[in-house]
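Step one of this worksheet: look at the structure below.
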Amino acid sequence: MFFHFSALSQKEEAVAFSKEQINESLNEIISDLEQNYIYLKDKNVDLNCIRANFKGKIENINTDEDLVLFFEYLLD
């Protein structure tokens with residue numbers, strides 16, 4: 001019974017979005033920053049590097065908490 005409860009809890013914590021949806025959201029955010037953040041050159045921000053770094057982390061997102069942290073770290 002304990003094992004069943006544990007498995008149920010993990011299932012309920014599954015991410016509500018697919019990896020493709022997360023990738024699309026990442027691309028939209030990076031695109032918005034590219035178009036609307038005027039200090040990119042002044043701050044020497046390499047959005048391609050940021051995009052590549054965070055794309056590599058998408059596969060590690062397994063819970064809603066992971067998803068929230070992923071986007072918090074991106075926007076930090």
Tell me which residues, restricted to the range 9-34, are surrounded by fewer than 10 Cβ atoms within 10 Å (Cβ to Cβ), part of a helix (DSSP H, G or I) and at pLDDT below 95. 9, 11, 12
Keeping to the range 18-72, report how many residues are touching a residue at least 12 places away in the same chain (Cβ under 8 Å) and of a type in the set (Ser, Thr, Tyr). 2
Do you know which of the residues in the range 37-64 that are basic (Lys, Arg) and surrounded by 14 or more Cβ atoms within 10 Å (Cβ to Cβ) is nearest to residue 23 (Cα to Cα)? 55
Please count how many residues of the range 30-56 are of a type in the set (D, E, K, R) and either touching a Cys at 6+ places or on another chain (Cβ under 8 Å) or under 14 Å from residue 75 (Cβ atoms) (or both). 2
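The values are calculated or read from the model by the stated rules, or taken from the named source; none is laboratory data. Small disclaimer: the values here were computed from a predicted structure and weren't measured. So basically every Cβ, Gly included, is an ideal-geometry build from the backbone, and we count neighbours across all protein chains shown.
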